[in-house]
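Trainee: Please read through the structure below; I'll follow up with questions.
All of the numbers you see were taken from the coordinates with simple rules; none came from a lab. It should be emphasised that the depicted structure is a prediction, and the values quoted were computed from it without experimental measurement. All Cβ positions, glycine included, derive from the backbone under ideal geometry; neighbour counts span all protein chains shown.
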């Protein structure tokens, strides 16, 4: 994908709202964009859309009210890879976009693109679950999971790790899928549940 052109903060807000609504399967009207972003005039919205068109990020069909489309350049149908997650010893997962995962072939059901993120796996602690170093983990954002599900968890020291949620004596802890790594019994917060893993060969 080509680099996205420079956008002003307001152009970025307009684009993000369009992306969110299209992710919800309902492209916004010009009046809805104006209402959401506080523009007093629909003419102002048209000016922003024209600028986004000129930068190759959106397409419009003038004879329809919900005729705004995102182009490939706008990064639609792509989940951002926001960092690296340790599947070994826990480590920080920095929220800095490192690329995108094309999800045209992924089944996301009713999920919008604001509901998921991707992390690149580093380490071998989940190899018995079929998760290898270099894989890309697609995570659904949610603060809970069921026993035995694989989660992205935030530890007390702000480190993030990918582990299996396990329950013992009515208390949850994190377990690796590799006998060389001990369970993690310290306090943690679930930030998402693993949906799928992508591997390139």
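Trainee: Quick check: pseudo-label points 7 Å beyond the Cα along Cα→Cβ at residue 196 and residue 146, how many nm apart are they?
Mentor: Between residue 196 and residue 146, the label points sit 1.9 nm apart.
Trainee: As a footprinting exposure proxy, order 155, 132, 26 by other Cβ within 10 Å, with the fewest listed first.
Mentor: 26, 132, 155
Trainee: Label-point separation (nm) for residue 168 and residue 42, each offset 7 Å from Cα along Cα-to-Cβ?
Mentor: 6.3
Trainee: On a C-alpha basis, how far is the centre of segment 118-192 from the centre of segment 25-43 in Å? Whole number, if you could?
Mentor: So the separation of the two Cα centres works out to 41 Å.
Trainee: In what sequence do 39, 17, 117 fall when counting other Cβ within 10 Å, fewest first? Could you put the intermediate results ahead of the total?
Mentor: Details: 39 19, 17 15, 117 23.
Going from least to most buried by this count: 17, 39, 117.
Trainee: Among 154, 162, which comes first, then next, by fewest other beta-carbon atoms within 10 Å? Write out the running numbers ahead of the final one.
Mentor: Values: 154 18, 162 31.
Neighbour counts put them in this order, fewest first: 154, 162.
Trainee: State whether segment 9-74 is rounded, prolate or oblate according to the following rule on the C-alpha gyration tensor (a ≥ b ≥ c being the square roots of its eigenvalues): a/c under 1.5 gives rounded; otherwise a/b larger than b/c gives prolate, and the remaining case gives oblate.
Mentor: In terms of gyration-tensor shape, rounded.
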